[in-house]
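Colleague: Submitted below is the structure of interest, expressed as structure tokens.
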Amino acid sequence: MAVRTRIKICGMTSKDEAAAVVEAGVDAVGFIFAEESPRYIQPEKAREIIRRLPPFVDAVGVFVNEEASVVQDIVQYCGLTLVQLHGAETPAYCREMGCRVLKAFRVGPHTTPEELAAYTEGVNGFLLDAFQEKMAGGTGQTFDWTLIARLRPPGPVILAGGLTPANVGHAVREIRPFAVDCNSGVEIAPGRKDLAKVRQVVEAVRQADATNNGA
């Protein structure tokens, strides 16, 4: 069966750019609700962008150690289809969400398979990002992808961390993730996307898929 790698562009702040990246062929757009992020978006603005998204494009809300009730309120208010959790959220917290959940893990030599396995029943996908001690995500750095096999993620892998038009095709060919998540690697400035780079990412992923499918 032919495999198609899904593509998410995160850190959206503009309705025009959201429309453009969807037109470029991405499957999901991400909105960061962590106020410490330079890509933070207010729920009111996110709601206006999300309500204009076409069918079958996911709206993903990114949160870091937020109160579960606050996340649930934003999910309902904005019309999010998934939440992406980048903090110390527990498996029980994930099960409270009432919608599909991606749990992010900052991968380094210290990361163990048991950490991921604890979330087997609580999440729908495992977002693997680069570890940086004082950042929950958006580091713009890659990590050692050879660690992924040792971690044995018990669900779909969303690969993140420093992905750009120059390396995303290699990542797809080598790792064969379910999806890739691009942010700073396709930006002009935090929260502003370089649409040419987004299109290049889409093309690189599609070419890598064709190679993986034996085309």
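Read the figures in this text as sums done on the coordinates, not as results from a lab. In this text the structure is predicted, and so the values were computed from the model without any measurement. Here the Cβ is made from the backbone with ideal geometry for all residues, glycine too, and neighbour counts use every protein chain on show.
Colleague: Using θ = phi - 60° and the Karplus form 6.51 cos²θ - 1.76 cosθ + 1.60, what ³J(HN,Hα) does each residue of region 34-40 get, whole Hz, x for Gly and Pro?
Modeller: 8, 5, 6, 7, x, 9, 4
Colleague: Counting other beta carbons within 10 Å of each residue's own, what order do 121, 96 fall into, fewest first? Provide the component values of the computation, followed by the final result.
Modeller: Working: 121 11, 96 14.
Starting with the residue having the fewest Cβ neighbours, the order is 121, 96.
Colleague: Here is a further query. Need the full-extension length gain, residue 16 to residue 4, defined as separation in residues times 0.36 nm minus the C-alpha distance. One decimal, nm.
Modeller: On the way: separation 12, 0.36 × 12 = 4.32 nm, distance 2.60 nm.
Taking residue 16 through residue 4 to full extension adds about 1.7 nm, to one decimal.
Colleague: Would you please give the residues with an amide H less than 5 Å from that of residue 180, counting only those at least 5 places away or on a separate chain, with H modeled from the backbone geometry?
Modeller: Here the answer is 6, 7, 8, 159, since their amide H atoms fall under 5 Å of that of residue 180.
Colleague: May I ask you to derive the relative contact order of the chain, considering only C-alpha pairs under 8 Å and at least 6 residues apart, and to give it as an integer percent?
Modeller: On the way: 426 pairs, mean separation 46.2, N = 215.
Relative contact order for the chain comes out at 22 percent.
Colleague: Let me ask you something else. Using r as the Cβ-Cβ distance of residue 167 and residue 213, and R0 as 25 Å, what FRET efficiency do you calculate, to the nearest 0.05? Walk me through the numbers on the way to the answer.
Modeller: Working: r = 20 Å, r/R0 = 0.81.
Given R0 = 25 Å and the Cβ-Cβ separation, E is 0.80.
Colleague: Another one. Need the full-extension length gain, residue 69 to residue 176, defined as separation in residues times 0.36 nm minus the C-alpha distance. One decimal, nm. Spell out each step's value before the answer.
Modeller: Numbers: separation 107, 0.36 × 107 = 38.52 nm, distance 3.50 nm.
Taking 0.36 nm per residue and subtracting the Cα distance, the gain is 35.0 nm.
Colleague: Expressed as a rounded percentage, what relative contact order does region 1-65 have, with Cα pairs under 8 Å and six or more residues apart? If you can, show how the numbers build up before the last one.
Modeller: Details: 90 pairs, mean separation 22.7, N = 65.
So the answer I get is 35 percent.
Colleague: Please list, in order along region 193-209, the HN-Hα scalar couplings obtained from phi with the Karplus expression 6.51 cos²θ - 1.76 cosθ + 1.60 (θ = phi - 60°), rounded to whole Hz, x for Gly and Pro.
Modeller: 8, 8, 5, 5, 5, 4, 4, 5, 4, 4, 5, 5, 5, 5, 5, 5, 4
Colleague: Order by neighbour count: 110, 86, 170, fewest other Cβ atoms within 10 Å first, most last. Don't skip to the end; give the middle numbers.
Modeller: Numbers: 110 8, 86 25, 170 13.
The fewest-first ordering by Cβ neighbours comes to 110, 170, 86.
Colleague: Nearest 5 is fine: what % of DSSP beta bridges in region 69-215 come out antiparallel, could you say?
Modeller: Working: 3 of 18 bridges.
If we restrict to bridges inside region 69-215, about 15 percent are antiparallel.
Colleague: Mind sorting 147, 163, 53, 116 by how few other Cβ atoms lie within 10 Å of their own Cβ, fewest first?
Modeller: Ordered by Cβ neighbours within 10 Å, fewest first: 147, 53, 116, 163.
Colleague: Figure the gain on full extension for residue 99 and residue 48 (residue separation times 0.36 nm, minus the Cα-Cα span) and round it to one decimal in nm.
Modeller: Details: separation 51, 0.36 × 51 = 18.36 nm, distance 2.03 nm.
The residue 99-residue 48 span can extend by a further 16.3 nm.
Colleague: Here is a further query. Tell me which residues come under 5 Å, amide H to amide H, from residue 127 once H is placed; ignore anything under 5 positions away on its chain.
Modeller: Hits under the 5 Å cutoff: 103, 104, 105, 158.
Colleague: Using the basic label-point model (7 angstrom from Cα toward the beta carbon), what is the residue 77 to residue 90 distance in nanometres?
Modeller: Here the answer is 2.6 nm between the modelled labels.
Colleague: Can you list residues from other chains, or at least 5 along the same chain, whose modelled amide H is less than 5 Å from the amide H of residue 87?
Modeller: 65
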